[in-house]
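The values are calculated or read from the model by the stated rules, or taken from the named source; none is laboratory data. Source: prediction; values computed, not measured. For neighbour counting, all protein chains shown are included, and Cβ atoms are generated from backbone atoms with ideal geometry for every residue, glycine included. Side chains are part of the model used for accessible areas, which takes the heavy atoms of the whole protein and leaves out ligands, DNA and RNA. Shrake-Rupley method; radii C 1.70, N 1.55, O 1.52, S 1.80 Å.
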Amino acid sequence: MKFISVISIIVVLASTSFGTEARIESMGNTPDFIKDEVSAIKNPATTFGFGNTLLGSLGKETKLGDSWVRKEQWFGGWAIYPISPTMKLSVGATLNKPFETTQQYEAVSESGFFTVFDKWNYSPTSTRVNFLDVLGMGTPYGNVYMFAGVSIKDMISLALGGRYAGYKQESNDENKYISIQGGNLGLVYNILNQHQFEASINVDRFVFEGKDESTSPEISVSSSDLNFDINARLFWTMSRMNSVVPMFSFKTTNILGISTSDVGGGIGFNRTLYKGLIWVGGKYLYYSAEFPERIGGEAIYSPSTNQSLVENTKESSHKIIASFGVEKKMLWDWFTIRVGGNKVFEYLTKTDKSDRILEKGLFERDVDAVAWGVALGTKDDALRFDITVSEEFPYSNIFAGGDEGIMLVRISAALKF
Amino acid sequence: MYSFLITLAVVTSILYATESRIESMGKRDIFFRDDMQVFKNPATIGIFGNFVMGTMGFVNDAIDTSIVPERSFDSAMVFVDSDNDSVSVSVPYTVYDTVYGKRTDVPTNQWFGVVYNYQLSKTLGVFGGAAFNRDNELDLFYDSLRTVIQTECLTKLALPEKTAFPEVRGKMDLMLGAALQGLNVGIGFSKASQDLKFIYDSTEYGSDVSLTSLSLGMETQAGTHSIEAYARLSMISYSNSTPDSAIDMPATTDNSLEIGARGFIKTNLKGGIVFVPALTIAKNALFNRTYSRYSGGVGMNLRLDGGLFWAGLEGEYFINTKDSTSYDSAANVERSGYGAHFNFGIEKSLIWKWLIVRVGGSKYIGIRTTKSAGNSLREWVENTADDGSSDDVLGFGIGLNYQSRLRFDITLNEALPYFNPFSNGLQNSTNGAHMVLRISSTFSL
């Protein structure tokens, strides 16, 4: 069961889209059915709809041992420049924002999925060891994403992005190398000046090479995988306040032999409130995954206590995801409260390599159902700090509240200029 | 009334400088102007006006920060030699202290100073300035290496601690210049020294150290544009004698040189974007080590309503060497690399005119190669995400501004907003337990 939970962590990360910022996180945890600046990460053509923007995050507090560390700090922005009355250019970048492929690799690395027999006497206390620890492979650096686009007559916008993250350590008898090279192409089409159709394709090539001749036995492993996704949605304006948002997505990830894919679609509805927004949405996804038996020629064992050999398993499931979110300015124009929920119903089938069913039935992964947050900003929202609040905080004494004093989980910000 | 004046006198005698402003809005001030630049280029006193400045110092008690002169690169941390003393090669323009890896639980680098302009005639003005107790880049450079040398000497001979190179005293900066019809020229001088002697077996031994910098700067305006250039020659003179002559150091002077230039080109784009090309060449040398860097790039800044936004991109090449000596017989080490910095910063008055909120980011990514004794290691490096120094990715702070004359700039612990101040405070934070990391201030005269 512990092995299942390891896989679940990897799969949850793999299937979570780019909704990592405080606004998205605190109002439904999916960006599929609302407009938000983070859509530029997947579809850079959407930047024209937001104007000149700076955005970033002070990070997310995560517990590591006895201390709290902040991860996922990043910054970026874009500028839009009109070169003629009918044409605009957009140029932008984000720095240090971990790509989805980077996060997936880190999740795989930290999960202990690649537990193998310790031939190298790496661990003094156990006969099993994480293969990636023996290799001493680091996590990719950089995470630089740059993009540029053009908008014609405010009707059609096209943008192209490129991104890179990597790790390299090379000495006389070692060569450790990870490279994530990718890019995206985005389109926004304004239909009748009322409705917006958005489509994007993202491609990442993940290259992993590990060679260490100083160990006994020597280690040599290499792989090159392609990850990509296709997203499309339509903001169909029904009235001044109401929109319907049908969407479609297809996504496949491949990291060191772990392959997953999600394909599906859904429909959402969002309604503008007085100084706020409410949205609901539902989508169906067909999910499938395959897990390897070996890495670098070594058999993979379960990281759980029974340490049994891992078989070449496959998973497939039908998922229905229901979510909602609401944000509203309350009391003051600079103060917004947000709350949202996200529930995944999943019917999973797990089989071995001979298609023998190992598990079948309703399955629940580690998905947080409800979150809430606040935003502090200027009256015109030109500057906005989005904050995800610790869910434990309101239950405690205000002078001692939060998980070990943690009041806020994530802070992100956006500035229009 | 008297109590107000006393309070003001106390405050103005303690708190004046703006390192916090730089630190909390992008970490580097190479692409925008700040009062602190009078130390880099004394000619800029002619454009900044009259003010007193100072700082209560900084604290840096982040759990994972240790006292090493190594720049806080997120790297493999595998060294082909046992020596890791690669002093920072790409420090911010004027804020160095936390970059040099100083760790302190109590406020450190407290200093104060003043600059003043006096108009002699319609076309000619003179200006001058002084600051005391300030850790300038040379002091920090020496301080970071003296600890390494000290360890090497003491380990070899097991001598009394006082035989090693001591901390310097009497830190001061003096500046003087003239303004003539749009041309400002200035000269700067800084000095710190120590002469430490002891009697052992009726013979006098000991070390003496003298740190001297001489800088020349100019600033000139052409229409709405401006050009600045400076050159600084620094000398560290030292000698050491011990009962064991094997590690005696004869009187030696190591010279360092830094040359820089930048332009402020004002345009009409987007309400007055100012483009700033900049170039810096620097070589620092001390004991058996040299640290060279060559950097250049372009930035922009833009005045906002009640604020400023800036961003810049800068390429860099560096090469550091360490040669073996009589007291350090380890193999020669050469560490070199290239990379790029991207920085941005923003400050804006929020809610009230007297409250300024600042935030900024800094990202460096590059390739570094270390060679020693026929071995080599090549790796990609980047600045650490979050170590509480002036070289990590993000920073934020506030400014308290009284009628644009008195300004307190405060660097806040980035973890501060996440923790309940009434509970355990920041005790569980890897950024350290302090809420405020630096307080500096200026007061216009």
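Some observations on this one:
- Heavy-atom accessible surface of A:Trp279, to the nearest 10 Å², is about 0 Å², with a 1.4 Å probe and all protein chains retained.
- Crossing angle, helix A:100-111 versus chain A [Cα axis fit, 0-90 degrees, rounded to tens]: 40 degrees
- Over chain A, DSSP H runs of length four or greater, each weighted -39,500 (n - 2.57), average out per residue to a 222 nm ellipticity of -2500 deg cm²/dmol.
- Rg/Rh for the stretch A:12-168, where both radii come from Cα atoms and Rh is the Kirkwood radius: 1.10
- Reduced Cα scattering model of chain A, Debye log10 I(q)/I(0), q = 0.13, 0.14 Å⁻¹: -1.23, -1.39
- Comparing each chain alone with all protein chains together (probe 1.4 Å, DNA, RNA and ligands left out), the residues of the stretch A:163-188 losing at least 50 Å² of accessible area are A:Lys168, A:Gln169, A:Glu170, A:Asn172.
- Ranked by the mean number of other Cβ atoms within 10 Å per residue, highest first, peptides A:355-364, A:56-65, B:300-309 order as A:56-65, B:300-309, A:355-364.
- Residue-count net charge about A:Gly183 - beta-carbon cut-off 11 Å; Lys, Arg +1, Asp, Glu -1: +1
- Helix A:2-15 and the longest principal axis of the C-alpha atoms of chain A enclose an angle of approximately 40°.
- When a 1.4 Å probe is rolled over the protein heavy atoms, the share of accessible surface on chain A that falls to carbon and sulfur comes to 60 percent.
- Neighbour cut-off at most 12 other Cβ (10 Å), DSSP loop, GluC sites (Glu not before Pro), the stretch B:218-278: none
- Counting Cβ atoms of other protein chains within 10 Å of each Cβ in B:421-430 and taking the mean gives 6.
- Formal net charge of residues neighbouring A:Phe345 (Cβ-Cβ distance under 14 Å; K, R +1; D, E -1): +2
- The fraction of accessible area contributed by carbon and sulfur in the stretch B:297-445 is 60 percent, rounded to a whole number (1.4 Å probe; ligands and nucleic acids excluded).
- Averaging the Cα positions of each part gives two centres, and for the stretch A:85-113 and the stretch A:225-294 these lie 17 Å apart.
- From phi via Karplus (6.51, -1.76, 1.60), per-residue ³J(HN,Hα) for the stretch A:169-177 in Hz, x at Gly/Pro: 9, 10, 9, 4, 10, 10, 8, 10, 8
- Interface burial for B against A (accessible surface, 1.4 Å probe, total of both chains, Å², rounded to 100): 3900 Å²
- Cross-link pairs beyond the 22 Å C-alpha cut-off, checked among A:Lys176/B:Lys27; A:Lys42/A:Lys88; B:Lys27/B:Lys371: A:Lys176/B:Lys27; B:Lys27/B:Lys371
- Per residue, the protein assembly as shown exposes 41 Å² of accessible surface when a 1.4 Å probe is rolled over the protein heavy atoms with every protein chain present.
- Averaged over peptide A:71-81, the number of partner chain Cβ atoms lying within 10 Å of each residue's Cβ comes to 4.
- Placing R0 at 51 angstrom, the Cβ-Cβ distance between B:Ser404 and A:Arg356 gives a FRET efficiency of 0.10 after rounding to 0.05.
- The base-10 log of I(q)/I(0) for the protein assembly as shown, evaluated at q = 0.10, 0.11 Å⁻¹, reads -1.21, -1.41 [Debye formula, identical scatterers on Cα atoms, solvent excluded].
- Across the stretch A:48-63, computed HN-Hα scalar couplings (Karplus, 6.51 cos²θ - 1.76 cosθ + 1.60, θ = phi - 60°) run 5, x, 10, x, 4, 9, 10, 8, x, 9, 6, x, 10, 6, 10, 7 Hz from first to last residue, x flagging Gly and Pro.
- Loop-resident sites, the stretch B:343-445, for trypsin sites (Lys or Arg not before Pro), counting at most 13 other Cβ within 10 Å (DSSP): B:Lys353, B:Arg405
- A:Tyr141 long-range amide H proximity, modeled H, under 5 Å: A:Gly166, A:Tyr167
- Residues of the stretch A:370-417 buried by at least 40 Å² on assembly (accessible area, 1.4 Å probe, chain alone as reference): A:Phe399, A:Glu404, A:Gly405, A:Met407, A:Leu415, A:Phe417
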